[in-house]
Amino acid sequence: MTQTRSATAVPSSDSIPPHVWRIAGVVVFGALMSMLDTSLVNIGLHTIGADLHATLATVQWVASGYLLALAVSLPMCGWLARRFGPARVWVCAIAAFTVASGLCALAPGIGWLITLRVLQGLAAGVVVPAGQTILGQAAGPKYLGRVMAVVGIAVVSAPALGPTVGGLMLQNLSWQWLFLINLPFGVVACALGLRVLPRATGTHSGGLDFASLILAGGGASAVVYGLGELGVHAANPLTVWLPIAAGLVALAGFVIRSARRELPLLDVRMFRDPVFAAANTASFFAGAAMFGLMVLLPLYFQVLHHDGLIRTGLLLLAYGGGGIVALPLGGRLTDRVGGGIVAVCGTLVVAATVAPLALLPADANAVLLQVLLFMAGVGTALSSMPLVSTAYAAVRHDQMPDAAAFVNILQRIGGAIGVAVVAVILSRAVDSAHPVAFGYHVAFGGICALSLVAALASGVLLRVRR
């Protein structure tokens with residue numbers, strides 16, 4: 001039984017084989033490159049629009065098209081990994097991402113750039129779940145907590161490093177270098193992948209179910225798009241609620257179709273395992289809090305504290321530093337006592353450190369803010385990867401590709417909800433008679449509430465595992 005296997009505690013003294021650490025290093029290198037790209041390009045949107053003579057509404061699609069492409073490619077990750085082997089898929093995705101990055105730098109106009117960013121997003125959407133599949137299969141449930149904690153470095157450090165690195169680049173170089181910087185790193189990642197990653201062969205997984213791919217990819221992207229528009233056009237059902245409703249109907253159709261097929265695109269029957277279902281539910285809400293906070297913090301410093309891009313990035317290093325410091329501890333505790341209790345503690349730490357930000361004045365003490373950000377990073381590290389590790393430990397070796405796809409799809413949709421909560425609160429605060437600071441206080445309160453919901457869901461996971 002997968003539930004029994006996932007609940008087995010492993011002594012933290014067990015040493016992880018060196019080859020697993022080498023695989024983890026390569027996977028994290030690729031994940032960091034793809035995730036850092038998102039924050040780098042978002043910083044440069046204004047510069048790109050000015051150089052290519054594009055309006056803000058148009059240039060926003062450089063970021064939005066990329067995010068929607070991520071949602072489209074995620075449902076296909078499981079089938080690709082089963083059919084061709086996760087290592088081969090990972091290397092090809094990194095290569096495609098690198099080539100698309102170079103082409104983005106050569107884009108002659110905004111239309112070409114948006115199109116190439118979509119292609120880049122399709123490749124990037126495969127990188128993280130394929131890498132997590134490789135790690136999960138290499139490490140097994142015995143070492144998953146500690147190994148997946150290494151992957152978390154990319155999750156917590158990329159948003160903290162992006163504004164600083166992007167700001168420094170735009171001060172001294174053209175916006176094209178936001179894409180050109182990926183070329184040497186992509187070449188190195190491909191070389192390391194070919195040398196280090198295990199050469200697992202594909203298995204018979206049936207033909208690609210295009211109907212399920214359209215339902216899952218189209219449904220996920222429609223939901224993400226509608227949630228993204230919620231903060232801008234909240235009262236317009238055609239641009240917000242219609243895509244969300246259509247996306248949810250498509251996803252429901254995907255679930256029904258997959259449950260009836262012998263070889264589905266993604267095996268939804270995995271959610272019959274209570275540990276896997278509970279871990280994904282908790283990860284969904286923890287992802288909403290994490291991504292919402294990552295969007296809110298830069299705006300908080302830039303709008304309320306009037307800090308520039310570089311200073312904002314430096315201030316956010318405390319958040320990333322807290323996550324990096326806590327990740328090894330979270331991984332070791334997950335292997336020793338299970339991810340449920342670790343995630344409960346982590347989500348409560350996030351709530352406890354975000355709640356003061358909902359009450360502090362705009363001119364709050366800088367040292368106090370840095371302490372709160374550091375502890376919020378610690379809480380994020382203890383709440384995100386332990387849940388992912390527990391979900392992966394609840395499935396068989398051959399189910400890992402589908403598990404990685406499901407985990408990342410739910411985190412992506414959960415993240416879109418968190419960002420939408422922040423966007424709606426801030427946009428309505430701007431339109432009201434309240435001071436600007438009031439909107440940020442309410443937004444931090446919303447993140448606190450999402451963290452408490454994640455804590456409750458993690459508590460359910462803890463009870464299920466026991």
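The values are calculated or read from the model by the stated rules, or taken from the named source; none is laboratory data. From a predicted model like this one, the values you see are computed outputs, not experimental measurements. Every residue, glycine as well, gets a Cβ built from its backbone with ideal geometry; the counts of neighbours run over all protein chains shown. The accessibility values were calculated without ligands, DNA or RNA, using every heavy atom of the protein model including side chains. Shrake-Rupley method; radii C 1.70, N 1.55, O 1.52, S 1.80 Å.
Details
- Restricting attention to the stretch 295-319 and to residues that are small (G, A, S) and part of a helix (DSSP H, G or I), the residue that is least open to solvent (accessible area, probe 1.4 Å) turns out to be G313.
- Selection of first residues in the stretch 159-182 that are among the hydrophobic types (A, V, I, L, M, F, W, C) and of second residues that are assigned to a helix (DSSP H, G or I) and open to solvent by 50 Å² or more (accessible area, probe 1.4 Å), restricted to Cβ pairs under 7 Å at least 6 apart or on distinct chains, gives the following pairs, ordered by first then second residue: A160/L317; M169/W177; L170/T47; W175/T47; W175/D51.
- Filtered by the rule that a residue be of a type in the set (F, W, Y) and either out of contact with any helix residue (DSSP H, G or I) (no Cβ under 7 Å at 6 or more places or on another chain) or assigned to a helix (DSSP H, G or I) (or both), the stretch 144-181 gives W177, F179.
- Residue check, V99 buried (at least 19 other Cβ atoms within 10 Å of the Cβ) and part of a helix (DSSP H, G or I): no
- Selected residue (criterion: surrounded by the fewest Cβ atoms within 10 Å (Cβ to Cβ)) from residues of the stretch 326-356 that are within 19 Å of the chain's Cα centre (by Cα) and of a type in the set (A, V, I, L, M): A326
- Set V249, V325: member being within 29 Å of G166 (Cα to Cα), modelled with pLDDT of 85 or more and either in contact with a Lys or Arg (Cβ under 8 Å, 6 or more places away or on another chain) or of a type in the set (V, I, T) (or both): V325
- Residue in the stretch 343-352 that is modelled with pLDDT of 90 or more and closer than 23 Å to M270 by Cα present: yes
- Test: residue in the stretch 191-205 that is touching a residue at least 12 places away in the same chain (Cβ under 8 Å), part of a helix (DSSP H, G or I), closer than 30 Å to H53 by Cβ and not β-branched (V, I, T): no
- Any chance V62 is among the hydrophobic types (A, V, I, L, M, F, W, C), at pLDDT 80 or above, more than 30 Å from P328 (Cβ to Cβ) and surrounded by 17 or more Cβ atoms within 10 Å (Cβ to Cβ): yes
Each row is one residue, and each column tells you yes or no for (1) under 17 Å from the mean Cα position of the chain (by Cα); (2) hydroxyl-bearing (S, T, Y); (3) at positive phi.
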position: L368; (1), (2), (3): no, no, no
position: V371; (1), (2), (3): no, no, no
position: P386; (1), (2), (3): yes, no, no
position: S389; (1), (2), (3): yes, yes, no
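- Screening F284, F276, F271 for residues that are under 30 Å from G322 (Cα atoms), open to solvent by 30 Å² or more (accessible area, probe 1.4 Å) and at pLDDT 85 or above leaves exactly one candidate, F284.
- Criterion violated by I48 - all others in (1) open to solvent by 10 Å² or more (accessible area, probe 1.4 Å); (2) more than 23 Å from the chain's Cα centre (by Cα) satisfied: (1)
- Within the set L52, L45, L36, the sole residue that is free of Cβ contacts under 8 Å to residues at least 24 places away in the same chain, within 18 Å of W175 (Cα to Cα) and hydrophobic (A, V, I, L, M, F, W, C) turns out to be L45.
Each row is one residue, and each column tells you yes or no for (1) farther than 30 Å from F438 by Cα; (2) among the β-branched types (V, I, T); (3) in contact with a helix residue (DSSP H, G or I) (Cβ under 9 Å, 6 or more places away or on another chain).
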position	(1), (2), (3)
L227	no, no, yes
I244	no, yes, yes
G247	yes, no, yes
E262	yes, no, no
L266	yes, no, yes
G287	no, no, yes
L293	no, no, yes
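- Of the numbered criteria (1) in contact with a helix residue (DSSP H, G or I) (Cβ under 7 Å, 6 or more places away or on another chain); (2) under 15 Å from A455 (Cβ atoms), the one G377 fails is (2).
- Of all residues in the stretch 24-45 being aliphatic (A, V, I, L, M) and open to solvent by 40 Å² or more (accessible area, probe 1.4 Å), the one that is farthest from G121 (Cα to Cα): L32
- The listed residues are G322, G292, G346, G330, and the only one of them that is within 16 Å of Q370 (Cβ to Cβ), in a helix (DSSP H, G or I) and either in contact with a strand residue (DSSP E or B) (Cβ under 7 Å, 6 or more places away or on another chain) or not hydrophobic (A, V, I, L, M, F, W, C) (or both) turns out to be G322.
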